[in-house]
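This report concerns only the one structure given below.
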Amino acid sequence: MQLYRTRQGFYLHTASTWHRLDEEDWDALFNRADLHAHLAGAAAQLTAVKGPGPGDLLAPIGSQEVWAAGVTYFRSRTARMEESRDAGGGSFYDRVYEAERPEIFFKATPQRVARPGQPMHLRSDSKWMVPEPELTLAINADGQIIGFTAGNDLSCRDIEGENPLYLPQAKCFKLCAALGPCLRVAPEPPPPETAIRLQILRAGAPAFEGETTLAQLKRTPRELAGFLYRDNTFPAGAYLMTGTGIVPGDDFTLQSGDEMRISIDGIGTLVNPAA
Ligand code: DO4
Ligand code: MG
């Protein structure tokens, strides 16, 4: 079932029917121990309503921090090795792809997260930026994965390629992340055949299209969530992007006005312009 946060409150979409929930506290809902059963009960009791419009959607986030895993797909490993070759960073990426400990980095506070449709920021000091379409785990305060959403880990390839120590600047800036369009509440991870697609439109025409599946993800959602929560606390829960398996060719960079479209089976399509 899909949980939507909107300007009018929280909506549940299940079996082609929309319901409007009574609650108003996203963090409390996100951290309910019985979330799945609670929403199933609400869907059985509440009357059907008209669903929200695309302009009403907010990012499915309250006080959760957003973190991200990296180099979890072979394609990402190869792209990072190429972009950092001149800086001597090449072997870091190869090693972290094979290592037991994954790369995990801080991505965004909630105020840096764009809602569906909201322009994401192109850094003034970067000439090589790409969207990264990532399955994103919703993890409650107890460390349980409660669901999934689509995430855009907007990134500056030139800044991270110049020196791996610049990663926080390449990754974390105003409106550097987007989440949505909904939180798919599900106790089990999506199946390996789940497709992740990225389309970038320029003046309405495709400028890039790519696709991968979760079968290409080298690590399990539980493994990544376990590393994030190891020796750490998240009182409101957290989101964890699981890495990108789609990287446009080295000659591609985003331009202002481009439309980034990230689709994940079972979640929907997250659309954000670049500005
Ligand atoms: O190490 C650089 C970033 C990796 C990343 O964001 C990804 O693989 O998705
Ligand atoms: Mg990424």
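When you restrict to C-alpha pairs under 8 Å that are six or more residues apart and normalise by the size of the chain, the relative contact order lands at 25 percent.
Working note: Cα gyration tensor of the stretch 1-123, eigenvalues times five, square-rooted, sorted largest first, giving semi-axes of 39, 17, 13 Å. Put one equal scatterer on each alpha carbon of the chain, apply the Debye formula with no solvent term, and list log10 I(q)/I(0) at q = 0.07, 0.08, 0.16 1/Å to two decimals. Rounded to two decimals, the profile gives -0.23, -0.31, -1.24.
Ignoring ligands, DNA and RNA, what percent of the 1.4 Å accessible area of the stretch 2-56 is carbon and sulfur? Intermediate results must be reported in sequence, preceding the final value.
Values: 1490 of 3040 Å².
Percent of accessible area from carbon and sulfur atoms in the stretch 2-56: 49.
Under 5 Å between amide hydrogens, built in the peptide plane, is the criterion, and for V71 it picks out T244 among residues at least 5 positions away or on other chains.
Rg of the Cα atoms in the stretch 2-56, relative to 2.2 N^0.38 Å, amounts to 1.07. Close amide H pairs (under 5 Å, H built 1.01 Å from N) link L122 with A275, residues at least 5 positions away or on another chain. Ordering of 116-124, 12-20 by packing is 116-124, 12-20, highest average first (other Cβ atoms within 10 Å, averaged per residue). Please work out whether the stretch 85-240 counts as rounded, prolate or oblate from its C-alpha gyration tensor, where a ≥ b ≥ c are the square roots of the eigenvalues and a/c under 1.5 means rounded, while otherwise a/b larger than b/c means prolate and anything else oblate? Because its axes are fairly even, with a/c under 1.5, the stretch 85-240 counts as rounded.
Taking 0.36 nm per residue of separation and subtracting the current Cα-Cα distance, fully stretching the chain between D27 and E193 would add 56.7 nm. Rounded, prolate or oblate: which one fits the stretch 151-275, using the alpha carbon gyration tensor with axes a ≥ b ≥ c (rounded when a/c is under 1.5, else prolate when a/b beats b/c, else oblate)? Oblate shape, in that a/c is at least 1.5 and b/c is the bigger or equal ratio.
Specify the residue with the greatest mean-square fluctuation among Q45, Q111, Q144, computed from a Gaussian network of the chain linking alpha-carbon atoms under 10 Å apart. Looking only at Q45, Q111, Q144, the largest GNM fluctuation is found for Q45. Placing unit charges on the Cβ atoms only, positive for Lys and Arg and negative for Asp and Glu, gives the chain a dipole magnitude near 320 debye about its Cα centre.
The calculated FRET efficiency for the pair D142 and D250, based on their C-beta separation and a Förster distance of 30 Å, comes to about 0.10. If R0 is taken as 25 Å, the Cβ-Cβ distance between K127 and D94 corresponds to a FRET efficiency of 0.45. Taking 0.36 nm per residue of separation and subtracting the Cα-Cα distance, full extension of the segment from K174 to T109 would add 22.4 nm. Projected label points at A215 and R85, each 7 Å from Cα along the beta carbon direction, are separated by 3.0 nanometres.
The values are calculated or read from the model by the stated rules, or taken from the named source; none is laboratory data. Because the structure is predicted, anything quoted here is derived from the model rather than measured. All Cβ positions, glycine included, derive from the backbone under ideal geometry; neighbour counts span all protein chains shown. Please note that ligands, DNA and RNA were not included when accessible areas were found on the heavy atoms of the full protein model with its side chains. Shrake-Rupley method; radii C 1.70, N 1.55, O 1.52, S 1.80 Å.
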